[in-house]
1. Set the bar at 29 Å for Cα to Cα. Now go through Lys108/Lys200; Lys81/Lys200; Lys81/Lys108; Lys108/Lys188 and name every pair that lies beyond it.
2. What are the trypsin sites (Lys or Arg not before Pro) within the range 3-51 that DSSP puts in a loop, where the Cβ has at most 13 other Cβ atoms within 10 Å?
3. What do the square roots of 5 times the Cα gyration tensor eigenvalues come to for the range 161-207, in whole Å, largest first, as semi-axes of the equivalent ellipsoid?
4. Checking the cross-link filter: which aspartates and glutamates have an alpha carbon closer than 12 Å to that of Lys48, excluding same-chain neighbours under 8 positions apart?
5. As a check on your grasp of the helix formula, calculate [θ] at 222 nm for the chain: sum -39500 (n - 2.57) over DSSP H runs of n ≥ 4, divide by the residue count, round to the nearest 500.
6. If you count only protein heavy atoms and use a 1.4 Å probe, how large is the accessible surface of Met80, to the nearest 10 Å²?
7. For the range 182-196 and the range 90-133, write down the distance between their C-alpha centroids in whole Å.
8. With a cut-off of at most 16 other beta carbons within 10 Å, and DSSP calling the residue loop, which GluC sites (Glu not before Pro) in the range 132-207 qualify? Please list them.
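The values are calculated or read from the model by the stated rules, or taken from the named source; none is laboratory data. In this text, all values refer to a predicted model and were calculated from it rather than measured experimentally. For neighbour counting, all protein chains shown are included, and Cβ atoms are generated from backbone atoms with ideal geometry for every residue, glycine included. Protein only, heavy atoms only, side chains kept; ligands, DNA and RNA dropped before computing areas. Shrake-Rupley method; radii C 1.70, N 1.55, O 1.52, S 1.80 Å.
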Amino acid sequence: MKKYLIDVYVADDHAMFCEGLAEAINRSDLARVSRQFNTLPACAASLKERCPDVLLLDLSMPGDDGVAFCRQVVSDYPRMKVVVVTVHNEYALIRRVLDSGAHGYVLKLSPVDMLVNAIVTVWRGGRFIAPEVEDIIQRSEPKAVHITPAEQNVLRLICDGLTNTGIAARLGLTVETAGWYRKHLLAKCEARNTAELVRKALREHLI
């Protein structure tokens, strides 16, 4: 029985990169590049005729918004997987791309075997984020704040506007202990003052 090769489209305006990428993928014996496009309108027109299993998408196509295109094709063709292949490693853009529904994000300098791995992973229903991209996300995204039940009780009363004296009376603490909790929560949540602490507690659903 003939082995199934994952059908791949490549949208990238750099012809030499596109050709080299296609040759490398085709040598993998796991996937084949059946069509290549140097503009997003050409890619969009082809998708209306036939969809591949995986679309490799460059974000920096002249005159077009790659992120908006990604969001649109993910919505229009839910069975097709989209892996962004780009030189951009800025956290804000990475976040926008992933929020747009992209199934993978790989930098152009990554080894070809990593890109092939990304193709196979998303085709099988997974998500593939290149390790260096994952590092950027972990360094840039705010760390989750873990609040204990006792801290949450105090935080809830702080958000209700109670003073240390009011918190102490409500929870059966000393005023000094209530003040310690407030100071500890400010440090833990990296808040400069009580108003900022309240905003962060509400925004991140800490209470």
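1. Values: Lys108/Lys200 37 Å; Lys81/Lys200 36 Å; Lys81/Lys108 18 Å; Lys108/Lys188 38 Å.
Flagged as over cut-off: Lys108/Lys200; Lys81/Lys200; Lys108/Lys188.
2. Lys3, Arg27, Arg50
3. Details: eigenvalues 77, 25, 14 Å².
After diagonalising the Cα gyration tensor, the semi-axes are 20, 11, 8 Å.
4. Partners within reach: Asp76.
5. Working: 10 runs with 107 residues, N = 207.
One gets -15500 deg cm²/dmol as the mean residue ellipticity at 222 nm.
6. It works out to around 0 Å².
7. 36 Å
8. Numbers: sites: Glu132, Glu134, Glu151, Glu176, Glu190, Glu196, Glu204; in loops: Glu190, Glu204.
When the GluC sites (Glu not before Pro) of the range 132-207 are filtered for loop state and at most 16 Cβ neighbours within 10 Å, Glu190, Glu204 remain.
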